[in-house]
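The values are calculated or read from the model by the stated rules, or taken from the named source; none is laboratory data. If you're wondering where the values come from, they're calculated on a predicted model, not measured in any experiment. Neighbour counts are summed over all protein chains in view; Cβ atoms, including those assigned to glycine, are modelled from backbone coordinates with ideal geometry.
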């Protein structure tokens, strides 16, 4: 996946970023890291709801006459580049909503998503469009190693009217896009840097929502449309979309996410233990609340999450994503994954990321953490074969799975109002700004100790 943008926040130069299995953006504060990650997330989160391909009218007529048609995706693949140009232009109009900003803020922004030929023929695809009563009305099916998309119109109930030509064409166009690009554009899940506070302030938002509902129910006035908008504006706080998603996710943990097991955990249950080692315990849902459970001596202690440490709060969303939602083909995006974590746990998090990308889940992070980068560099060096490697792994308490080939990684430095590709050598990722600060602080320590005669 590759994107270019210009005049996006601080990025006033044309900037290109190509995502790897593990994508890393480092840089000083206020260099645009969050702008880049939010913009990419927004596109990945919305493209499948807005992509459009034109369907020949004679094919639509055949569908209504015969009940089914077959479309060759190769015919539509030829126009993907043009389709993505149009989709990218439309996405720019969505950026103010994405960032919860003034409409004029992105007036000069340029954004473009690029397409590289992918293996859409190799993958199967199944989808459906349902009526308001949850009955299938359009079915889509593509077999593995085929470019043919089978489309069926199901009207077996005289009380159900078939969709109009335009609506049917719209749904078919959407599903053609998903069949072509669903395995190219990863399904995103994002954790914002505000995640540590979300568990606390989402309750206040729920109170605001309940107040609004109560006001509507108890009102005897016939409101005009503008009055409704005024009430929503008054009772609802405005947040960027990644923060809104985090609030919704946390709100659903008790009733939804705590009751599911992810594809990742079904296939790789060892990730449960990895998460528990990072947070120092586990989360449990009991008595309609989320508890943090940890060992204190021989006993297990339970405390409500709101009474636990900031690290426990900041890891809540990641834990339940891994446990209940994570699946191959996702992209996990985290703004400052090191947030509130001890250096030892930052190192464990680096190993978690390496394991995730090797089982098919892409990871995208922005970070200030030298510990995280240094541990990733250790894993890069461990990806090579060398004499006495087994002895080194044992001595340093790494496992044979703790390695990360450099081919998996795309690393960037946010600087000079653009993104610069960071070199990856045999020693790992070079982040000169980190190295300079470490050198400066070591030099300062040496100068001070010498001056004091220590």
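Worth pointing out:
- Qualifying residue in segment 431-446 (condition: under 19 Å from residue 22 (Cα atoms), out of contact with any strand residue (DSSP E or B) (no Cβ under 8 Å at 6 or more places or on another chain) and touching a residue at least 24 places away in the same chain (Cβ under 8 Å)): no
- Residue check for residue 394: more than 23 Å from the chain's Cα centre (by Cα), farther than 26 Å from residue 44 by Cβ and either at pLDDT 95 or above or in a helix (DSSP H, G or I) (or both): yes
- Test for residue 254: is it in a loop (DSSP other than H, G, I, E, B), at pLDDT 55 or above and surrounded by 12 or more Cβ atoms within 10 Å (Cβ to Cβ): yes
- Here residue 183 clears all of (1) within 30 Å of residue 354 (Cβ to Cβ); (2) assigned to a loop (DSSP other than H, G, I, E, B); (3) at pLDDT 90 or above except the condition numbered (3).
- Positions within segment 397-440 being part of a helix (DSSP H, G or I) and at pLDDT 90 or above, in sequence order: 406, 407, 408
- Residues of segment 47-64 that are under 29 Å from residue 113 (Cα atoms) and surrounded by 15 or more Cβ atoms within 10 Å (Cβ to Cβ): 47, 48, 51, 52, 53, 55.
- Under the condition of being in contact (Cβ under 8 Å) with a residue 40 or more places away in the chain and either under 30 Å from residue 106 (Cβ atoms) or not in a helix (DSSP H, G or I) (or both), the residues counted in segment 56-76 number 7.
- The residues of segment 40-54 that are in contact with a strand residue (DSSP E or B) (Cβ under 8 Å, 6 or more places away or on another chain) and over 15 Å from residue 244 (Cα atoms), listed by number, are 40, 43, 44, 47.
- Which numbered condition residue 85 misses (of (1) out of contact with any helix residue (DSSP H, G or I) (no Cβ under 8 Å at 6 or more places or on another chain); (2) in contact (Cβ under 8 Å) with a residue 60 or more places away in the chain; (3) within 25 Å of residue 17 (Cα to Cα)): (2)
- Lone qualifier among 5, 41 - being part of a helix (DSSP H, G or I), within 22 Å of residue 89 (Cβ to Cβ) and at pLDDT 95 or above: 41
- Against the test of being at pLDDT 90 or above and closer than 28 Å to residue 8 by Cα, the options 86, 58, 75, 141 yield a single qualifying residue, 86.
- Helices (runs of 4 or more DSSP H) contained in segment 273-386 and holding at least 2 residues crowded, with 22+ Cβ neighbours inside 10 Å, within 24 Å of the chain's Cα centre (by Cα) and at pLDDT below 95: 310-314
- Qualifying residue in segment 22-39 (condition: under 29 Å from residue 141 (Cα atoms) and either over 18 Å from the mean Cα position of the chain (by Cα) or touching a residue at least 40 places away in the same chain (Cβ under 8 Å) (or both)): no
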